[in-house]
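As structure tokens, the structure follows; a few thoughts come after it.
No value in this document is a laboratory result; all are computed from the given coordinates. What you see is a predicted model, and the numbers here were worked out from it, not measured in a lab. Note: ideal-geometry Cβ built from the backbone for every residue, glycine included; neighbour counts use all protein chains shown.
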Amino acid sequence: MRRYASHPDPRVQAANVISLVVASNQPFYPLYLYWLVSDEVTPALFTFFSTPFFLAVPALARRQTVAGRALLPLAGIGNTVLCAWLFGSQSAVEVFYIPCAVIALLVFRPHERLFGLVLAGMAFGAYFLFNGRYGTPMVAYSADEYAALARLNALSASMLTGFVALVFSNALAEAEGSSKTVGDKKSG
């Protein structure tokens with residue numbers, strides 16, 4: 001996994017790591033749903049449709065770094081739309097648009113900023129376009145179950161956003177350490 005995620009470009013490597021962590025956590029979502037919300041987990045099984053897209057990020061990034069980095073927030077946005085359609089807006093799953101937008105804004109350099117802004121705009125646009133318009137969810141959970149599902153999704157999206165911040169903080173620290181080392185060698 002480490003070799004598959006590695007890339008000389010720290011932003012690409014960060015996107016690769018995030019995509020693989022998301023993909024590796026997807027199989028646990030039905031279990032979390034079962035343990036914390038309800039024994040009716042059928043909608044969660046459909047979320048696996050997005051797993052190949054998350055897994056493809058590093059492969060695509062090796063061929064075309066911009067496309068690989070763009071695939072990560074696009075897969076997240078698509079997965080969020082799918083989950084909101086399956087579970088309904090009352091599940092609060094749309095909170096995942098936030099880490100999608102954050103990722104979109106972080107994976108591109110300043111001269112590529114337009115890509116990030118467009119993708120972040122797509123995340124927020126999907127919320128405004130689809131919120132409350134998904135129709136009847138696949139399963140009608142009780143009010144208590146929806147409250148538990150909303151807590152699960154809010155916690156999960158918060159943890160993902162924190163993980164994204166940590167990955168990019170580490171990449172920045174590594175880059176600063178590399179530039180310090182170069183600067184120290186020059187002055188020494």
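Please identify, among ALA15, ALA147, ALA92, the residue showing maximal mean-square fluctuation in a Gaussian network model of the chain using a 10 angstrom Cα cutoff. Answer for the Gaussian network model of the chain: ALA147.
The listed peptides 81-87, 127-133, 56-62, ordered by packing as a protection proxy, come out as 81-87, 56-62, 127-133 (highest mean of other Cβ atoms within 10 Å first). Look at the dipole of segment 2-187 built from charges on Cβ: of GLY76, SER19, LEU149, the Cα furthest out on the positive end belongs to SER19. Taking 0.36 nm per residue of sequence separation and removing the Cα-Cα distance, the LEU155/GLU174 pair yields an extension gain of 4.0 nm. Mean separation of Cα pairs under 8 Å and 6 or more residues apart, divided by the residue count, gives segment 2-187 a relative contact order of 24 percent. Mean residue ellipticity, 222 nm, helices only, the chain: the sum of -39500 (n - 2.57) across DSSP H runs of n ≥ 4, divided by residue count and rounded to 500, is -25000 deg cm²/dmol. Nearest 0.05, what FRET efficiency do VAL41 and PHE163 give at R0 = 25 Å with Cβ-Cβ as r? FRET efficiency, VAL41 to PHE163: 0.55.
Scaled against 2.2 N^0.38 Å for its residue count N, the alpha carbon radius of gyration of segment 2-187 is 1.12.
With neighbour counts taken as other beta-carbon atoms within 10 Å, the residues GLU145, GLU94, GLU176 rank, fewest first, as GLU176, GLU145, GLU94.
Using Cα springs under 10 Å in a Gaussian network model of the chain, which residue among SER19, SER142, SER158 shows the largest mean-square fluctuation? Result for the chain, Cα springs under 10 Å: SER142 fluctuates most. Between the alpha-carbon centres of segment 81-101 and segment 43-77 there is a gap of 17 Å.
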